[in-house]
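Scroll down for the structure; my scribbles are underneath it.
The values are calculated or read from the model by the stated rules, or taken from the named source; none is laboratory data. Note that the structure is predicted; figures quoted are calculated from it, not measured. Methodologically, a virtual Cβ is constructed for each residue, glycine included, from the backbone with ideal geometry; neighbour enumeration extends over all protein chains shown. Just so you know, the surface numbers come from the protein's heavy atoms only, side chains and all, with ligands and any DNA or RNA stripped out. Shrake-Rupley method; radii C 1.70, N 1.55, O 1.52, S 1.80 Å.
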Amino acid sequence: MTKKFLALTLAIMMTLLISTDITVAHANINKVDAVKQSTAEKIETEKQAKTDIEKVQYTITEAQGPVVSEEEINIEKRVIDPNKPMIAITYDDGPSIYTPEILDVLKENSSAATFFVLGCQVHANGDTLNRMIEEGNQIGNHTYNHKNLTKISDEELYKQIQGTDDLVYMATGYTPKVMRPPYGTTSEELNKKIQKPIIQWSIDTRDWENRNAGMIVQNILKDVKDGDIILMHDLYDSTVQASETVIPELIKRGFQLVTIDELSEYREVTFTAGVNHYHMHK
């Protein structure tokens, strides 16, 4: 069991205990109005409840530990030529047991990708998430458990996105800057509520459907062009096999494989919260 796993487990346990303490503390405040007490007793009860909450807030700070700025995360910056073609490969729904194999391929080819992760997968894959960042890849938010965001309440929407941000931060010290809605499903009304740029895609490999490495490769290579965003899922062995073939082939054809943030930087695309981005063609 790694130190990171133990630390994450401890943080989660502390969060559960803290949540219980906060509930108790707020219950003490509610009792002030529910029970008829003398003015002096009310004041004393309010003071005690306030003290309880302050203790909980202090415990939260201690449990989280020192905040590490994203600038302090040791990421080796790859050399990117802004004048050469570049595309962004993205992987959804992980991490999974196959993700490390995809990371191997990317590293062997001095390339990077963006992984839109599910919050429910974070706890069991902390090492993989940290490896993503250490090797120059990007982590995006793909909600907690892949619900259709157009069919849930505002409260659930907040939990799906903010909860995933919090879990990724607890595991890595990094907060995702971009998000992808499950199924790519959005609406004008929903977009106004999402406080991150929304990353869609211009090439859909349909890897979740065909589970065929050859078809995945063909779906990419037949139409790929500078500024494309490619959709895959790091859930299948066939996607690993396709990645092993298509990543070096794309490089051979002159493409640089970059993250979403890198693509936006070198294509001078300004990200705005709630705006869909399907590609970054010149």
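At a glance:
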quantity: Under the Debye formula (equal points on every Cα, no solvent term), log10 I(q)/I(0) of the range 197-282 at q = 0.26 Å⁻¹; calculated: -1.31
quantity: Prolate/oblate/rounded label for the range 99-233 (Cα gyration tensor, a/c 1.5); calculated: oblate
quantity: Efficiency of FRET between LYS77 and LYS151 - r from beta-carbon atoms, R0 41 angstrom, step 0.05; calculated: 0.50
quantity: Overall dimensions of the range 228-274 by Cα: Rg and Dmax, Å; calculated: 13.3, 35
quantity: Accessible area (Å², 1.4 Å probe, nearest 10) - TYR278; calculated: 110 Å²
quantity: Two-site FRET efficiency, GLN195 against THR245, from Cβ-Cβ distance with R₀ of 35 Å, rounded to 0.05; calculated: 0.40
quantity: Heavy-atom accessible area per residue - the range 180-261, 1.4 Å, Å²; calculated: 43 Å²
quantity: Label-point separation, ASP204 to ARG253 (7 Å along Cα→Cβ), nm; calculated: 2.0 nm
quantity: Heavy-atom accessible surface of the range 144-187: percent carbon and sulfur, 1.4 Å; calculated: 49 percent
quantity: Accessible area in square angstrom per residue, the range 67-174, 1.4 angstrom probe; calculated: 45 Å²
